[in-house]
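Written below as structure tokens is the structure these notes are about.
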Amino acid sequence: MFYRHLKPTFQRRKLRSASAENARVEMEWSLLGLWGMGLYAQAELLRAGIAPKRLSVAKMLRAFRRILRDYLHPSEHGKTLCRLLQDALMDAYPRKNKTSREYPRKKQEKPPGAPQIHPATLAQRTRAKQIRTETRKGLPA
């Protein structure tokens, strides 16, 4: 789960470093930063009497980003980092196992059935005869 939170949620799909050594250092600091924020958020949840497993990593990151962005000019009164982290919880609905939903993922096409043959109408037969005579005369259809 931690790897899943690191890449898409923490926006580390691509590293910005050019060399392998710098990329390794960047990844280690990213892991350390995410881990530290998670520990701080879990401590705040424990202090509030909330189970730490209810922490939403995406909402936790949103809370930290908001405080870092608006630390001088808070947009809402009373929204401290502690309060934002206590609100950074997953929804209470029960999660289901999604590993094999819509399996198999291959397209299930039905095989073609027997052809349906319809007899030509009188108008279609006369039009076909007309086209045949016009092509024998050398006229375009």
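Values as computed for the structure displayed
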read-out	value
Fluctuation leader among Thr121, Thr99, Thr80 - the chain, Gaussian network, Cα springs under 10 angstrom	Thr121
Options [x] 23, 18, 15; [y] 67, 23, 19; [z] 33, 17, 11 - which one matches semi-axes √(5λ) of the Cα gyration tensor in Å as calculated here	[y]
GNM result for the chain, Cα springs below 10 Å: residue of Pro94, Pro52, Pro119 fluctuating most strongly	Pro119
GNM top mover of Gly33, Gly113, Gly78 - the chain, alpha-carbon springs below 10 Å	Gly113
Given charges at Cβ of Lys, Arg, Asp, Glu: the chain dipole, positive-most of His118, Thr99, Ala41	His118
Charge dipole magnitude, Cβ of K and R +1, D and E -1 - the chain, Cα centre, debye nearest 20	1060 debye
Between helix 20-47 and the chain: long-axis angle, C-alpha atoms, 0 to 90°, nearest 10	70 degrees
Under 18 Å from the Cα of Lys14 - aspartates and glutamates, other chains or at least 8 residues apart	Glu26, Glu28
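Every number in this text was worked out from the coordinates using simple rules, so none of it is lab data. Quantities reported herein were computed from a predicted structural model and do not represent experimental measurements. All Cβ positions, glycine included, derive from the backbone under ideal geometry; neighbour counts span all protein chains shown.
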